[in-house]
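The values are calculated or read from the model by the stated rules, or taken from the named source; none is laboratory data. Predicted, not measured: the structure shown is a model, and the values here were computed from it. When we count neighbours, we look across all protein chains shown, and the Cβ atoms used for this are built from the backbone with ideal geometry, even at glycine. Heads up: the accessible areas ignore ligands, DNA and RNA and are worked out on the full protein's heavy atoms, side chains in. Shrake-Rupley method; radii C 1.70, N 1.55, O 1.52, S 1.80 Å.
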Amino acid sequence: MRILLVEDDPDLGPAIARALRAQQCAVDLFADGVDGGHAGATEAYDAAVLDLGLPGQDGITVLRQWRAAGRPMPVLILTAREAWSDKVAGFKAGADDYLVKPFRVEELVMRLRALVRRAAGHAATRLECGPLAFESQTGQFELDGLPLRLTALEWRVLSALMLRKEAVIERLDLLERVYEGDADVDSNSLEVIVGRLRKKIGSALIETVRGRGYRLTASALG
């Protein structure tokens, strides 16, 4: 998952970013509503974590602008305000979930995973494709019932493919969901990652669609 995090607290923002990266996520952190709003309007993200009390532009305004522009990513709002009216305002602006500060980062991670899974059209937490299984709430992959060891980049590619299994994911779309915004990306890096994954899960599960991208499919297994 590539997550947009817009949080101005100098301690909380980096702490959330570290926790998400420890769960293999790519994270772009912004401490200003204007900069974070621009990123959400122009970059591809699987989900956004948006504080309401932001400098430059408040979170409700940012969220309204995203939705008005047709940005569909799930958005979880963070607020130190406990008033019901603030939560209602967030949902009316287009939020999908919320957390009131203080909160446990572990809960934030679980909520984000659920939002991303549901946005991809999956109700069940366990996803399967042939011998490959993905427990979306824990982030654990299994192959033939055994845990699969993956690097962070391998996990990001494989989870993106699994969430949209049997569908072709464009190469650029995959790249945008694997790397953080300031990453220096080699032109062949995605092919290298896919090659490593094929060695770990079997080449038949990841299909190359020439000129477009990749698809996770069990159709070749019979």
Practice prompt. Collect the residues in segment 56-81 that are among the small types (Gly, Ala, Ser) and open to solvent by less than 20 Å² (accessible area, probe 1.4 Å), keeping them in residue-number order.
Written response: Gly59
Worksheet item: Looking at (1) open to solvent by 30 Å² or more (accessible area, probe 1.4 Å); (2) under 19 Å from the mean Cα position of the chain (by Cα); (3) at pLDDT 90 or above, which is the one condition that is false for Tyr179?
Response: (3)
Item to complete: Out of the residues in segment 28-55 that are hydrophobic (A, V, I, L, M, F, W, C), at pLDDT 95 or above and open to solvent by less than 10 Å² (accessible area, probe 1.4 Å), state the one that is farthest from Glu82 (Cα to Cα).
Response: Ala39
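For segment 51-74, name all the residues that are in contact with a helix residue (DSSP H, G or I) (Cβ under 8 Å, 6 or more places away or on another chain) and either in a helix (DSSP H, G or I) or within 16 Å of Ala26 (Cα to Cα) (or both).
Gly59, Ile60, Thr61, Val62, Leu63, Arg64, Gln65, Trp66, Arg67, Met73, Pro74
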Item to complete: Mind listing whichever residues of segment 89-102 are open to solvent by 40 Å² or more (accessible area, probe 1.4 Å) and either among the basic types (Lys, Arg) or not in a strand (DSSP E or B) (or both)?
Response: Phe91, Lys92, Asp96, Lys101, Pro102
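Among the residues of segment 121-159, which ones are open to solvent by less than 40 Å² (accessible area, probe 1.4 Å) and either closer than 30 Å to Ala80 by Cα or free of Cβ contacts under 8 Å to residues at least 24 places away in the same chain (or both)?
Result: Ala133, Ser136, Gly139, Phe141.
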